Amino acid sequence: MTNLHAPMQQSKLHNYNSTRGAEAYKADYRNKLHRKWSDKRERALLNQYFTRIGHVDSILDLPCGHGRLSDFLRTRCTQLIEGDWSFTMVSLNQKDHGPEPKAGVPQRHYVRATALEIPLPDRSVDVVVSFRLSHHLESQELRERHLRELFRVARKHVIVTWFSATSLKNLLREVRVKLAGKKPKNVLRNDRVRALAKEAGYTQQLAKPLFLIGSGHVLGLFSRS
Ligand SMILES: C[S@@+](CC[C@H](N)C(=O)[O-])C[C@H]1O[C@@H](n2cnc3c(N)ncnc32)[C@H](O)[C@@H]1O
């Protein structure tokens, strides 16, 4: 069963919260070719998006995981807030990246938080970044709630990934769902994402697929209209 407090499969949550699971996720990005490729492509897209946005005062990275994007994001802002549901991910991230104080003021902050009920006021952070969470959320309601929370907390921009219902990877999966009883992917329709953005007062600036073949992830940039 999934709900607000257990939004993804228990086994996955347990894995991310264990030291072994968190270390394994970090090691995958050092050792596995497909992870290295997608990391490289995500950074290239993020770079394009931040070229538009420019340097900002604050960024919230939720979920931050072990801090894969921490050093990249830190160069784009003055204050970086790293948040994750998993205590283990947050402490691994903090151990690797630290507070990095400047003139005695920490430039990186760490928080254990859920992206479905972010413990921050409306419009309190310039940019909210949320990579690779949506496709883990097991219901449409939770995936939409996640987006609404990002739009609520961001003052200027949201950068978020989701698994596109119209991606080739999902269309092929739908065939296997029908013919072989495979489990459906946790997807969102691109037009539904744009509609939710509009409701929250945002416009989609860019929405680029991570890869056309082999991945259904889309990386979107939304700005307050
Ligand atoms: C696939 S990892 C992505 C981490 C990071 N964004 C990246 O791209 O490397 C998914 C992360 O989501 C975290 N997570 C799961 N449910 C969450 C929730 N409701 N709120 C915040 N983080 C959550 C997990 O602990 C895990 O670190």
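Find which of F163, L116, V128 sits farthest along the positive direction of the dipole of the chain, computed with +1 on the beta-carbon of Lys and Arg, -1 on that of Asp and Glu, about the Cα centre.
The one lying farthest along the dipole's positive direction is F163.
How long are the three semi-axes of the equivalent ellipsoid of region 117-225, in whole Å, if each is the root of 5 times an eigenvalue of the C-alpha gyration tensor, listed from largest down?
Those come to 27, 14, 11 Å.
Any idea of the accessible area per residue across the chain, 1.4 Å probe, to the nearest Å²?
Averaged over the residues of the chain, the accessible area is 49 Å².
Two decimals, Cα atoms only, Kirkwood Rh: what is Rg/Rh over the chain?
Expressed as Rg/Rh, it is 0.95.
Based on Cβ point charges of +1 for Lys and Arg and -1 for Asp and Glu, what charge dipole magnitude is obtained for the chain about its Cα centre, in debye rounded to the nearest 20?
780
Roll a 1.4 angstrom probe over the protein heavy atoms and tell me the percent of accessible area of region 10-224 that is carbon or sulfur. Don't skip to the answer; put the middle values down first.
Details: 5680 of 10390 Å².
Heavy-atom surface of region 10-224 belonging to carbon and sulfur, 1.4 Å probe: 55 percent.
Would you grab the residues whose amide H sits under 5 Å from the one on F211? Only those 5+ places off in sequence or on another chain, please, with H modelled 1.01 Å from N.
Answer set, sorted by chain and number: H217.
Just to be sure I understand: with springs between alpha-carbon atoms less than 10 Å apart, which residue in V129, V111, V90 has the highest mean-square fluctuation in the Gaussian network model of the chain?
With Cα springs under 10 Å in the chain, the top fluctuation among V129, V111, V90 is at V111.
Between K95, K208, K182, find the one with the highest GNM mean-square fluctuation for the chain; connect C-alpha pairs within less than 10 Å.
Evaluated over the chain, the most mobile residue of the options is K182.
Need one number: nm distance between label points at K95 and D39, each 7 Å from Cα along Cα→Cβ, rounded to one decimal.
It works out to 1.7 nm between the two label points.
Report the one residue of L219, A180, T19 whose Cα lies farthest in the direction of the positive end of the charge dipole of region 10-224 (charges on C-beta: Lys and Arg +1, Asp and Glu -1; origin at the Cα centre).
A180
If R₀ is 41 angstrom, what is the calculated FRET efficiency for the pair D191 and N17, using the beta carbon separation as r and rounding to 0.05?
Approximately 0.75, to the nearest 0.05.
Looking only at region 134-156, which residues have a backbone nitrogen under 20 Å from a spot 7 Å from the Cα of H109 in the C-beta direction?
149-156
In the structure displayed, which of K40/K102; K32/K182; K102/K208 lie more than 31 Å apart, Cα to Cα?
Over 31 Å Cα-Cα: K102/K208.
Using 0.36 nm per residue, how much length does the chain from Y29 to R148 gain when fully extended, once their Cα-Cα distance is taken away?
39.9 nm
Kindly provide the trypsin sites (Lys or Arg not before Pro) of region 28-64 that DSSP labels as loop, not H, G, I, E or B, and whose Cβ sees at most 13 other Cβ atoms within 10 Å.
K32
Using just the helices of the chain, give the 222 nm mean residue ellipticity in deg cm²/dmol: DSSP H runs with n ≥ 4 each add -39,500 (n - 2.57), and the total is spread over all residues, rounded to 500. Show your work: numbers first, answer last.
Details: 8 runs with 95 residues, N = 225.
Dividing the helical sum by the residues of the chain leaves -13000 deg cm²/dmol.
The values are calculated or read from the model by the stated rules, or taken from the named source; none is laboratory data. Values in this document were obtained by computation on a predicted structure and should not be read as measured data. Neighbour counts run over all protein chains shown; Cβ positions are idealised from the backbone, glycine included. Ligands, DNA and RNA are stripped out before the accessible areas are found, and what is left, the full protein with its side chains, is counted by its heavy atoms. Shrake-Rupley method; radii C 1.70, N 1.55, O 1.52, S 1.80 Å.
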